[in-house]
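This report refers to the structure that appears directly beneath it.
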Amino acid sequence: MIRFDKVVKRFGDNVVLRELDFQVRPGEHVCLIGPSGSGKTTILRLLMTLERVDSGTIDVGGECLTHMQHRGKRVPADEKHLRTVRKRIGMVFQQFNLFPNMKVLQNLTEAPVRVLGLSRDQAEQRALELLEMVGLRDRADAHPSQLSGGQQQRVAIARALAMHPDVLLLDEVTSALDPELVADVLNVLKDIAKTTDITMLIVTHEMGFAQDVADRVLMFDQGRVVEQAAPGKLFTDPDQQRTRDFLRAVLERR
Amino acid sequence: MFGDVPGFLRTILEGASTTLAVTAGGIVFATVMSFVAGLAMLAPARSVRAVSRIYVEVWRGTSEIVQLFWIFLALPILVGIQLVPLWAGILVIGLNGGAYGAEIVRGAVQAVPRAQREGAVALNLSPFDRMRRVVLPQALVDMVPPFNNLFIQLLKGSALVSLVFLQDLTFQAQAVVLPTNTDQALTILTLLLLVYLALSIVITAAMRFLERWAAALVGRQPSTRSREVALSGGAA
Amino acid sequence: MNDKWSWDYVAEILPDLLRGLLVTVQATALGAILAYALGLVLALLRRSQIPVLSQLTWAFIEVIRSTPLLVHIYFVFNVLPQFGITLSPLTSGVLAIGVHYACYTAEVYRAGIDGVPRGQWEACTALSLPRGRVWTAVILPQAIPRVLPALGNYTISMYKEVPLMFAIGVLDIVGRAQEAASESFRAVEPYTIAGLFFLALSYPAGVLVRRLERRVGYAQ
């Protein structure tokens, strides 16, 4: 479903990803863990086309995300090409990024109406179903600013699902939440993982959650994959010292 | 000792329609120019950015009164078109205000958090929809207080048209009433100031209303911060 | 070039326009000094403990800011003689623009003073510094640097509004341009040159102020 081929990303002199290769199968749930600055979030941002690669290519669902054919030559993708491949991908942000100028319902209907061409009625019906699923149907007429962080994040998840993505990117979605609100959001995500076949790429510091939903966990450090394995193996018996150190540091922080 | 106050006032107010026309026309035209030039300064195309930047710098860099005389006296000679004085007045007031307003629009659009654009990209909205549905509505809230200041500057600037013999409030007071009542200058000019004060209060009241409406739109209280920013910046 | 633009004519009027420029710059400088000083006085009056004083100052500032400078120039020029004070056009104009802009700089100072952290005031109290010392030694030295860019911007604005004084007969750039235009019936050259004079001074000045803004920004 997703294929990174020798992807390099720099910010100034700082090399964030060093010739990164990795693949994700359709329907697979992959968790990315590692210290901050290890490039996990950059991977999601590259997939969402919020950043451009410096070299290498990224494919999503067999289509190239980073480049396109133009008069027989391979050139960097333009906005039009990006819009076609972006259709497959949805993203939930650490800071929710709900639109404050729209009520909750309109946050969910705006893109389906304008991008997918749904009628307003269809979009609203679907939006209400999704709000029901995240337990916020009664807040459809609220402004985002009237919701708690946890509620906002559940709306943001519903908003991403409203676009019927094949791939869902979750970027530290509980990091900005008060501890008591984290569980509601994680439950919604576990539910989605169980009941849909959406491919999920998850950056998280919640190791328990990773253990529950992930098919595979990738340990990152300094722009490289240090180690990857099923969660049962990686969390209990990692091969690499770097992974052991990281896991111990995370556990001690609790 | 105050002289014929009602008589003075009546004559001064004969200029009200001109002042209102120039100010209102100037406000409309300046608002349009502000958005056109302000958004053009953020355009992807370098040439578009350059043209709007030149417009803004030239109109902000020169004196409004020079612009007025240039449009009234030099332009007709250069292109052979004599504009109707009232329209020429609106043109100058609007173009001048638009140059300042463009910076307001640009600044407010750039101040919308990057995360909001990214949220819109993640939903695959087109660049046009991103601007129109997500960025601009949020930027609008921060634009209202500085635009209030700008519009009051336009009202004040409208007095300049008296210098090219348009019969506005200032012309009526200065060129009609004053010459035959020089010993009543204090009364006459105080009346004139009060009329302008009343008009600017009307503008501010309308903008406060607009601000509350815009703030409700994005679900927040009108910020006291943006008003203070507006007060401390934005000279003509 | 052609009958619309004559370089000979430009050469002929240039000395007069330059003389006008000198007057404009002088009037700006004098008006600015007045605005800086009076603005600080107004800002302090605005903070006065006596309610009537601070309210009157507030009302004065609001009225001046809401009404045209041109009217203020007429006001000073026509009203003062009524009370036996006769000033030259240039002095009247400088007085009017100085007072007008003082109402803007007063807000600048106010914001600058409010920007000094509360802890600074509390530290002064803790040290029992006399009130005068608090202002001159602690508050103003911190407030003034951060208001310099805004004062610079208002000075540039003043430079562009000084030509309004031509309405009461001051021979500044615009007064000179008008004189030339009415003598020769040629308007294009004098007003274009006048416009270029403004651009030539106010654009670089604006760039300098922006640089100052950044420097002040770093310092904070």
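Checking each residue in segment C:100-134 for being within 22 Å of residue C:54 (Cα to Cα), part of a helix (DSSP H, G or I), open to solvent by less than 40 Å² (accessible area, probe 1.4 Å) and away from chain B (no Cβ under 14 Å) picks out only C:134. Annotation: of all residues in segment B:27-64 being farther than 10 Å from residue B:105 by Cα and of a type in the set (S, T, N, Q), the one that is most open to solvent (accessible area, probe 1.4 Å) is B:47. Among the strands (runs of 3 or more DSSP E) confined to segment A:1-73, the ones with at least 2 residues that are at negative phi and more than 17 Å from the chain's Cα centre (by Cα) are located at A:2-11, A:14-24, A:55-60, A:67-70.
The condition of being within 14 Å of chain A (Cβ to nearest Cβ), part of a helix (DSSP H, G or I), open to solvent by 10 Å² or more (accessible area, probe 1.4 Å) and not polar (S, T, N, Q) holds for only one of B:117, B:10, that being B:117. Flag: residue B:200 does not match the condition of being at the interface with another protein chain (Cβ under 9 Å from one of its Cβ atoms), small (Gly, Ala, Ser) and under 13 Å from residue C:74 (Cα atoms). The single condition among (1) under 22 Å from residue B:82 (Cα atoms); (2) away from chain C (no Cβ under 11 Å); (3) of a type outside the set (A, V, I, L, M, F, W, C); (4) assigned to a helix (DSSP H, G or I) that residue B:145 does not meet is (1). When you check residue B:186 against the structure, is it more than 14 Å from chain A (Cβ to nearest Cβ), modelled with pLDDT under 95 and not in a helix (DSSP H, G or I), yes or no? Answer is no for this residue. Given the structure, is residue C:61 more than 11 Å from chain B (Cβ to nearest Cβ), hydrophobic (A, V, I, L, M, F, W, C) and within 17 Å of the chain's Cα centre (by Cα)? The answer is no for residue C:61. Scan segment C:162-174 for residues that are crowded, with 23+ Cβ neighbours inside 10 Å and either in a helix (DSSP H, G or I) or of a type outside the set (D, E, K, R) (or both) and the total you get is 8. For segment A:94-117, taking the residues that are assigned to a loop (DSSP other than H, G, I, E, B) and open to solvent by 50 Å² or more (accessible area, probe 1.4 Å), the one that is nearest to residue B:216 (Cα to Cα) is identified as A:103. Any residue that is at pLDDT below 90 and at positive phi - is there at least one of those in segment C:111-124? Looking for residues that are at pLDDT below 90 and at positive phi, one finds none in segment C:111-124, hence no. Look at residue A:79 and say whether it is facing another protein chain (nearest Cβ under 9 Å), without any contact (Cβ under 8 Å) to a residue 12 or more places away in the chain and within 23 Å of residue A:138 (Cα to Cα). Judged against the criteria, residue A:79 is not a match. Scan segment A:20-34 and give yes if some residue there is open to solvent by less than 40 Å² (accessible area, probe 1.4 Å) and polar (S, T, N, Q), otherwise no. Checked segment A:20-34: no residue is open to solvent by less than 40 Å² (accessible area, probe 1.4 Å) and polar (S, T, N, Q). A residue that is touching a helix residue (DSSP H, G or I) at 6+ places or on another chain (Cβ under 8 Å), closer than 18 Å to residue C:30 by Cα and in a helix (DSSP H, G or I) can be found somewhere in segment C:141-149. Scan segment B:77-94 and tell me whether some residue there is facing another protein chain (nearest Cβ under 9 Å), at pLDDT below 95, over 24 Å from the mean Cα position of the chain (by Cα) and surrounded by fewer than 22 Cβ atoms within 10 Å (Cβ to Cβ). Yes: one or more hits.
Residues in segment C:8-35 that are open to solvent by 40 Å² or more (accessible area, probe 1.4 Å) and out of contact with any Gly (no Cβ under 9 Å at 6 or more places or on another chain): C:8, C:11, C:12, C:14, C:15, C:16, C:18, C:19, C:22, C:25, C:26, C:29. If the condition is being among the aliphatic types (A, V, I, L, M), facing chain B (nearest Cβ under 9 Å) and either surrounded by 20 or more Cβ atoms within 10 Å (Cβ to Cβ) or touching a residue at least 60 places away in the same chain (Cβ under 8 Å) (or both), then segment C:65-87 contributes C:69, C:70, C:71.
Considering only residues that are in contact (Cβ under 8 Å) with a residue 40 or more places away in the chain and facing another protein chain (nearest Cβ under 9 Å), which ones fall in segment B:164-182?
B:169, B:170, B:173, listed by residue number.
Once segment B:120-135 is narrowed to residues that are part of a helix (DSSP H, G or I) and at the interface with chain A (Cβ under 9 Å from one of its Cβ atoms), the residue that is farthest from the chain's Cα centre (by Cα) is B:122. Being of a type in the set (D, E, K, R) and open to solvent by 50 Å² or more (accessible area, probe 1.4 Å) is the requirement here; does residue A:121 meet it? So residue A:121 passes the test. Here residue C:182 meets each of (1) under 22 Å from the mean Cα position of the chain (by Cα); (2) surrounded by fewer than 21 Cβ atoms within 10 Å (Cβ to Cβ); (3) within 12 Å of another protein chain (Cβ to nearest Cβ) with one exception, condition (1). The residue that is farthest from the chain's Cα centre (by Cα), counting only those in segment A:87-99 that are facing another protein chain (nearest Cβ under 7 Å) and modelled with pLDDT of 90 or more, is A:99. Every listed requirement among (1) under 21 Å from residue B:80 (Cβ atoms); (2) open to solvent by 90 Å² or more (accessible area, probe 1.4 Å) is met by residue C:196 save one, (1). Within segment B:171-205, being open to solvent by 30 Å² or more (accessible area, probe 1.4 Å) and of a type in the set (Gly, Ala, Ser) holds for B:175, B:198, B:205.
The values are calculated or read from the model by the stated rules, or taken from the named source; none is laboratory data. Quantities reported herein were computed from a predicted structural model and do not represent experimental measurements. Reconstructed Cβ throughout: ideal geometry from the backbone, glycine too, with neighbour counts over all protein chains shown. Only protein heavy atoms, including side chains, enter the accessible area calculation; ligands, DNA and RNA are left aside. Shrake-Rupley method; radii C 1.70, N 1.55, O 1.52, S 1.80 Å.
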